[in-house]
Structures are given as structure tokens and as C-alpha cells.
Amino acid sequence: MQPIRIAIADASQMFVDAIRGLLDAESDLSVVGAADCGAAAVDLVRRELPDVLLLDTALPDGTCLDVLRTLDDTRLAVRVVLLAVDIDKQEMVDAVCLGARGLVLKHSPASLLVKCVRSVIEGEYWFGHDHVPEIIDALRAQGAARATVPADTLTPREIVVMAAVADGATNRDISLQLGLSEQTVKNHISHIYDKVGVSNRVELTLFVISHKLGAGRNGSPASN
């Protein structure tokens with residue numbers, strides 16, 4: 001398999017060198033470049049087309065939100081993980097709405113960054129248990145769960161999968177739990193997104209919460 005290609009955007013060369021050494025030591029990860037400001041970060045993504053961008057929230061020429069907006073406007077397909085000393089709730093929520101997939105605080109153990117990169121590549125979100133309730137509450141207040149169809153159009157299997165997603169399970173976790181292939185789980189989630197009218201796991205979690213959906217219509221896993 002090809003290694004996960006990673007770009008780093010941070011103004012501190014010392015921090016960049018430390019992160020590069022950490023990630024390049026992993027056989028499945030490869031740092032393809034670094035940038036010291038937001039404009040350079042966007043240029044780097046355009047040029048190298050990395051799988052993941054590690055984006056400092058405090059760049060010298062603007063905020064991480066500016067970079068996320070540009071990446072969203074230009075449809076550059078890269079999974080963005082925020083790197084922060086600290087971050088307030090609104091900035092974090094705005095970043096999620098603009099496509100950020102994860103957040104790692106700079107004082108966290110180095111191993112967490114590696115786990116985060118691998119998780120977002122698998123389609124997961126990585127914001128830590130401390131931040132998820134804040135994100136969910138704020139997105140709920142902003143009406144981010146845009147359900148377009150009634151919950152009763154969902155199959156029992158889809159409700160089981162949705163509940164697992166809302167509990168933070170990965171696609172692999174769900175496949176093991178239900179005895180399905182990971183591709184089948186991905187197909188289920190894609191169909192659920194289309195039915196419910198959401199575009200990511202955060203919004204799907206809000207849908208599950210707002211409709212009080214459990215493991216199945218009768219409270220237990222259902223068959224396909």
C-alpha cells in the first residue's frame with residue numbers, strides 16, 4: 001500500500017521538524033512538504049495533493065478558517081487535522097462546518113497524532129471525548145442536522161449502523177460487530193447519508209440524537 005501523504009502547515013520550524021521526524025518514522029506515513037503560512041499551505045496542497053493536512057490554528061497570515069474556506073471553495077480533496085495550543089468552542093465548530101476532520105492539541109502525546117492521522121484516513125472524526133459534546137451542542141443549536149426525510153424510511157440495519165456511528169464506532173468496529181465487510185458498512189453509511197440528507201458523521205450523530213434512535217426499531221440489532 002502507498003503511504004499516507006501528509007503536509008504540515010505551521011510557522012514554527014522546530015515544531016515542523018519534530019512532527020516530520022515522528023511521522024516519517026512510521027512505515028505507512030510520509031511527509032510530502034511543509035508550509036509556514038496559510039497561503040503557502042494552500043499552494044502546497046494544490047501542488048502535492050496530500051491525503052492529510054496538519055494545520056496550525058495560529059498562522060501568521062490569517063486563521064485556520066481562512067485556509068479551510070479556500071480549500072472548500074477550490075474543492076481540494078484533503079482531510080484537515082487542526083493543531084492547536086488551545087481552541088475556543090466556536091472556532092472548533094466553524095472548523096468542523098468547513099470540513100476539518102480532527103483536532104490534536106500540541107501538548108498531547110505524540111502517539112495521538114499518529115492515531116488521529118490514521119483515523120481520519122479511515123473516514124473518522126478525531127476531536128477527543130472532551131470536545132465532542134461541545135461540538136454536538138453547538139451544531140444542534142445552529143441547526144446543523146438537516147434531516148430531509150422521516151426516520152421511518154430507514155431500514156432496521158441502517159438504524160443499527162447509525163447508532164454505532166453516533167457511539168463513535170469506526171467502520172472496522174461496525175463490520176466486526178455486525179459480521180459485515182468494511183465495504184458493506186461504507187455502502188450502508190453512504191445510503192444513510194443520502195436518505196437523511198447529511199454529509200458527515202457529526203451531522204449524522206445529531207440526527208440520531210434528535211430522533212432518539214437506538215440499536216434498532218425493537219431495541220436490538222436487526223438483519224439485512
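The values are calculated or read from the model by the stated rules, or taken from the named source; none is laboratory data. Computed from a predicted model, the values in this text were never measured in an experiment. When we count neighbours, we look across all protein chains shown, and the Cβ atoms used for this are built from the backbone with ideal geometry, even at glycine.
Brief remarks on what is shown
- Residue check, R69 over 13 Å from the mean Cα position of the chain (by Cα), of a type outside the set (D, E) and assigned to a loop (DSSP other than H, G, I, E, B): no
- Hits in segment 194-204 - residues which are over 15 Å from the mean Cα position of the chain (by Cα) and either modelled with pLDDT of 90 or more or of a type outside the set (A, V, I, L, M, F, W, C) (or both): D194, K195, G197
- Single match in A25, A40 (criterion: over 20 Å from R118 (Cβ atoms), outside the structural domain of N200 (by TED's automatic domain parsing) and of a type outside the set (D, E, K, R)): A40
- Top-ranked residue of segment 70-92 - restricted to ones that are modelled with pLDDT under 90 and basic (K, R), ranked as surrounded by the most Cβ atoms within 10 Å (Cβ to Cβ): K89
- Residue in segment 93-109 that is assigned to a loop (DSSP other than H, G, I, E, B), closer than 23 Å to L23 by Cβ and touching a Pro at 6+ places or on another chain (Cβ under 9 Å) present: no
- Considering L180, L213, the condition of being more than 20 Å from R101 (Cα to Cα), assigned to a loop (DSSP other than H, G, I, E, B), more than 20 Å from the chain's Cα centre (by Cα) and at pLDDT 85 or above is satisfied by L180 alone.
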